[in-house]
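Data block below; observations after.
The values are calculated or read from the model by the stated rules, or taken from the named source; none is laboratory data. As the structure is a computational prediction, the values presented were derived from the model and not from experiment. Glycine gets a Cβ as well: all are built from the backbone with ideal geometry, and neighbour counts include every protein chain shown.
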């Protein structure tokens, strides 16, 4: 029996070596050196090459190497019966929370203005008058960690989810009317949603018209959540007044893309939260042992919902 690690867009040799060191009795294979494919009973995949899954006839379960699972859910070769998990540990969540808190505080506290004042040797104290409201689109593992980080700073948080159910005291909205209500209240509207048929294109002209004037949009979910053509006109109307984007339809973002030069758009290169090799290795080993015992992998995905 064997464990396969495959990510077609990156070098996973160090991750595979770390997994092998943590679980010396496990036969770890790193794509493209998969050996006899029928021996592989658990695979950890990211943007797997077309045609790989049908070759893995001995699979008992599969996991995404990151928090997103659309590359697996949308693979027509993924067997319907196969348990599907994902790697989204506490370090990934804390990294995401740190990124979002940093972006919000930098803007809310107006820290960029002081850099200009320093260069001019100008002493001009300033502090914001109002406490902003944080609106989270998505309230899963990552969303809850981010909510706790903001709430620790006494910033009010509301959320929007498919079900509208909350597992804590956070107010959670659902449906089209709930989405409009949240957008109208949030000073910082943050998209953390999984990418599904229902969430694709959710950041669009209709939503932007309901956003609070001079609010900020932060997109850290998936690029296809945003209808890119709708953003520039919305920025002209200052609904939102600023967009902070970490994910895009095409990555890397092409050099000639208009977002690069737009004065109301901040760009980061899909680095808000990156799966760390040490945490990934721990989660992979634990998932593998669970699967060998007949249990589902960590982060079990409900296939019918896509997350």
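For the reader, a short list of remarks on this structure follows.
- Unmet requirement for residue 84, which otherwise passes all of (1) touching a residue at least 12 places away in the same chain (Cβ under 8 Å); (2) over 30 Å from residue 59 (Cα atoms): (2)
- Unmet criterion (only one of (1) under 30 Å from residue 304 (Cα atoms); (2) touching a helix residue (DSSP H, G or I) at 6+ places or on another chain (Cβ under 7 Å)) for residue 137: (2)
- Enumerated strands (runs of 3 or more DSSP E) restricted to segment 167-238, each holding at least 2 residues that are within 17 Å of the chain's Cα centre (by Cα): 188-191, 216-219
- Subset of segment 269-291 (residues that are farther than 16 Å from residue 93 by Cβ and either assigned to a loop (DSSP other than H, G, I, E, B) or at pLDDT below 95 (or both)): 269, 270, 277
- Screening segment 46-57 for residues that are in contact with a helix residue (DSSP H, G or I) (Cβ under 7 Å, 6 or more places away or on another chain) and more than 15 Å from residue 84 (Cα to Cα) and picking the one that is surrounded by the fewest Cβ atoms within 10 Å (Cβ to Cβ) gives 57.
- Options 19, 101, 62: the member that is under 24 Å from the mean Cα position of the chain (by Cα) and under 30 Å from residue 150 (Cβ atoms): 101
- Residues in segment 5-42 that are assigned to a strand (DSSP E or B) and in contact with a helix residue (DSSP H, G or I) (Cβ under 8 Å, 6 or more places away or on another chain) were compared, and the one that is surrounded by the most Cβ atoms within 10 Å (Cβ to Cβ) is 42.
- Residue within segment 120-134 that is in the same structural domain as residue 239 (by TED's automatic domain parsing) and under 22 Å from the mean Cα position of the chain (by Cα) present: yes
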